[in-house]
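Below is one structure, written out as structure tokens, with a few remarks after it.
The values are calculated or read from the model by the stated rules, or taken from the named source; none is laboratory data. Since the model is a prediction, treat every value here as computed from it, not as a measurement. In this analysis, Cβ positions are derived from the backbone assuming ideal geometry, glycine residues included, and neighbour counts consider all displayed protein chains. What goes into the accessible areas is simple: the full protein's heavy atoms, side chains included, and nothing from ligands, DNA or RNA. Shrake-Rupley method; radii C 1.70, N 1.55, O 1.52, S 1.80 Å.
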Amino acid sequence: MIYCKRCLYPENHPLNIVFDEDGICSGCIIHEEKDRLNWSERAEKLDSILINYKNLSGNNYDCIIPVSGSRDSYFIVHTIKNVYKMNPLLVTYNKHYNTDTGVRNLANLRTVFNCDILTLTVSPEIVKKITRATMRKMGSIYWHCIAGQTVFPVQIAVKFKIPLIIWGAHQGVDQVGMFSHLNEVEMTRKYRKEHDLMGYEAEDLVDEFDQITEDDIAQFKYPDDIEIEKVGVRGIYLNNYIRWDSKAQHENMINIYNYETLIQTRTFDSYNDVDCYNYSDVHDYIKYIKHGYGKVLDHACREIRLRRMSREQGIEMVQKFTNKTPKNLSLFLDWMGITKNSFHYLIDQHRNKEIWKRNDNWEWELSDEFALGLKDISRDSDKLNLIEPFTDFIKTPKKESSDSIGEYILIGKGAV
Ligand SMILES: [Zn+2]
């Protein structure tokens with residue numbers, strides 16, 4: 001297995017990473033643009049795009065911002081509403097796996113930014129049926145979340161005739177360097193299907209075996225191209241115009257708006273996925289089974305490229321967190337109504353057998369080639385100089401509320 005000599009990405013990254021002759025990955029090469037581009041010019045470019053979408057008649061919103069109780073939601077709304085003075089409509093897909101921290105963060109976001117928000121909560125029975133099918137078909141418990149998050153904003157854009165959708169970072173740019181920032185890639189149905197949805201659009205789930213009908217998938221269907229063109233819907237990514245630094249952005253949001261953080265079991269990043277019981281937990285454990293690595297490796301690569309973590313420190317982080325048992329599996333099994341054995345049986349069908357081997361006790365182990373490849377073999381010339389020392393992620397005090405019940409919260413009170 002080839003690993004990047006600068007960050008830690010292996011060549012089996014699911015988003016098509018490539019390596020140059022020095023063994024440096026495409027993600028690291030494109031990341032160099034963050035220190036090379038003229039970001040004040042890029043910000044002016046963003047301004048020139050946004051200005052065309054200001055609704056001067058005052059009878060509609062200027063744009064749509066997809067939000068949740070975590071991630072870049074605060075930073076995007078802060079930038080668009082308070083810096084660029086746009087009037088956004090917020091939209092959120094209810095992922096059903098909500099933590100109380102996420103419910104509070106979303107409630108606080110609605111309050112401090114004083115925006116209108118639309119929420120889509122699909123019926124629990126349909127969500128469970130779809131999750132059963134996606135576990136079987138692609139070994140994913142997260143398809144419905146990603147499908148919902150990426151399509152609900154587009155449906156609303158078409159329905160309410162609001163042509164501009166504003167997203168945070170494009171992973172094809174920020175993680176793997178599939179495109180330059182200067183390509184200014186925008187949202188496409190094709191990228192969503194191939195990369196976000198693992199090759200399965202909603203229509204591909206209709207199946208007699210899983211008992212999924214056209215009606216069940218209605219909320220996850222992408223609007224017709226004709227409807228999209230009629231309104232002129234486009235989705236832009238802020239990381240093409242703003243030098244993206246997730247850690248610094250979150251810390252700013254903690255200071256200004258009291259964004260709440262949450263310690264995670266399988267990664268050191270306690271800022272990004274605090275609204276979900278599964279994303280950095282059960283879902284991440286499944287990623288590990290499929291690809292041999294988890295979110296902690298993504299987070300370490302990000303910190304290495306931003307020159308806050310050495311490659312050695314990154315390897316230590318990966319080794320510390322990758323094998324951690326997910327903490328919230330029993331919550332998921334109860335919600336889904338399946339046994340632990342059925343869960344493992346379903347997920348094992350999607351295990352990457354090229355990197356996992358059975359040991360003498362018939363347990364799965366990462367092959368030596370994969371596990372031992374992650375050591376510090378890079379030359380000094382490959383390494384980036386640290387510009388600041390790595391500092392721990394901030395732990396905000398946990399706010400107690402009536403939503404703190406230790407279970408998925410379908411609809412929280414969210415009062416702040
Ligand atoms: Zn790299």
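A compact table of results
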item: Restricting segment 21-39 to residues that are open to solvent by 50 Å² or more (accessible area, probe 1.4 Å) and either modelled with pLDDT under 95 or more than 11 Å from the ligand (Cβ to nearest atom) (or both), the residue that is farthest from Gly177 (Cα to Cα); result: Asn38
item: Single condition Arg302 does not satisfy, out of (1) within 19 Å of Tyr279 (Cβ to Cβ); (2) within 16 Å of the ligand (Cβ to nearest atom); (3) not in a helix (DSSP H, G or I); result: (3)
item: The listed residue being crowded, with 22+ Cβ neighbours inside 10 Å and among the polar types (S, T, N, Q), out of Thr121, Thr150; result: Thr150
item: The lone exception for Lys54 - which of (1) modelled with pLDDT of 95 or more; (2) outside any helix (DSSP H, G or I); (3) within 11 Å of the ligand (Cβ to nearest atom) it fails; result: (3)
item: Conditions (1) of a type in the set (A, V, I, L, M, F, W, C); (2) exposed (fewer than 15 other Cβ atoms within 10 Å of the Cβ); (3) in contact with a Lys or Arg (Cβ under 9 Å, 6 or more places away or on another chain); number of the one not met by Trp362; result: (3)
item: Pick from segment 73-104, criterion among the charged types (D, E, K, R) and not in a loop (DSSP other than H, G, I, E, B), ranking: surrounded by the most Cβ atoms within 10 Å (Cβ to Cβ); result: Arg104
item: Matching residues in segment 276-297 - criterion: being open to solvent by 10 Å² or more (accessible area, probe 1.4 Å) and farther than 13 Å from Tyr142 by Cα; result: Tyr288, Lys290, His291, Lys295
item: Candidate set from segment 1-20 (those that are in contact (Cβ under 8 Å) with a residue 60 or more places away in the chain and outside any loop (DSSP other than H, G, I, E, B)); member that is nearest to the ligand (Cβ to nearest atom); result: Tyr3
item: Residues of segment 260-318 satisfying the condition of being among the basic types (Lys, Arg) and touching a Leu at 6+ places or on another chain (Cβ under 6 Å); result: Arg307
item: Of residues in segment 153-205 being in a strand (DSSP E or B) and closer than 19 Å to Ser246 by Cβ, the one least open to solvent (accessible area, probe 1.4 Å); result: Ile166
item: Qualifying residues in segment 305-319 (those that are hydrophobic (A, V, I, L, M, F, W, C) and either open to solvent by 40 Å² or more (accessible area, probe 1.4 Å) or not in a helix (DSSP H, G or I) (or both)) - the one farthest from Glu32 (Cα to Cα); result: Met309
